[in-house]
């Protein structure tokens, strides 16, 4: 059984459907979401929202999150040049 969750990016307003079939997992309050369209990082609180200033500071020290975002932005740039 899968769960569908619709979210809208608070930066570019792209609508996304998140589908998870692994243990029926959905984002928890405070989880980070990376927009598949613009690559910006949002915070999940029942909806996707822009991060607060303190959350932005936390994101800067999260090396895994920054690596994932850098990978996505590089992939996005590659797709745009093809």
Taking neighbour counts of Cβ atoms within 10 Å as a proxy for exposure, in what order, fewest first, do 33, 73 appear?
73, 33
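Taking only C-alpha pairs under 8 Å that are 6+ residues apart, what is the relative contact order of region 3-81 in percent? Could you put the intermediate results ahead of the total?
Working: 93 pairs, mean separation 17.5, N = 79.
After rounding, I find 22 percent.
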Rank these for me by crowding, 62, 6, going from fewest to most other beta carbons within 10 Å.
6, 62
Order by neighbour count: 11, 71, fewest other Cβ atoms within 10 Å first, most last.
71, 11
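Here, each number is a calculation from the coordinates, and none is a lab measurement. Note that the coordinates shown come from a computational prediction; the quantities given were computed from them, not determined experimentally. Cβ sites come from the backbone with ideal geometry, for glycine too, and all protein chains shown count toward neighbours.
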